[in-house]
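Below you'll find the structure, written out as structure tokens, and then a few comments.
The values are calculated or read from the model by the stated rules, or taken from the named source; none is laboratory data. None of the values given here were measured: they were computed from a predicted structure. Here the Cβ is made from the backbone with ideal geometry for all residues, glycine too, and neighbour counts use every protein chain on show. Surface accessibility is based on the protein's heavy atoms, side chains included, excluding ligands, DNA and RNA. Shrake-Rupley method; radii C 1.70, N 1.55, O 1.52, S 1.80 Å.
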Amino acid sequence: MTSGNGHGDAEALRAEIARTRAELGETVQALAAKADVKARVKESAAQTRQRVRQQAAQTTAQLRDQARLQAQAPLPWAVVAAGAAVAAAVVVVLVLRGRRR
């Protein structure tokens, strides 16, 4: 690596210094970003807002799908039977009240 006039070592040294400066600059930027608490909190809040919006949209879509399916599904026999039983009980109560008067 040593040239006869010494310029090869100087050029290599300059290149190494330039690489070191670039790495140092990147390191300083990374440390500054970590030290900027306000910016980190803003970024975290933005990510949380985005995640909540996505979850809300997903939940809304699921609820719409469930409502659509329930609207299309026929009433279960148990619900129909319970409704008939309540109606019959109301009729019986009304008839019994009518007899007392």
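Quick notes on this one:
- Lys/Arg +1, Asp/Glu -1 at C-beta; the chain dipole; positive extreme among Gln29, Ala85, Thr48: Ala85
- Think of each Lys and Arg Cβ as +1 and each Asp and Glu Cβ as -1; about the Cα centre, that makes the dipole of segment 1-72 roughly 760 debye.
- Accessible carbon and sulfur surface of segment 24-88 relative to its total accessible area, %, 1.4 Å: 62
- A 1.4 Å probe run over the protein chains yields, for the chain, 92 Å² of accessible area per residue, whole-number rounding.
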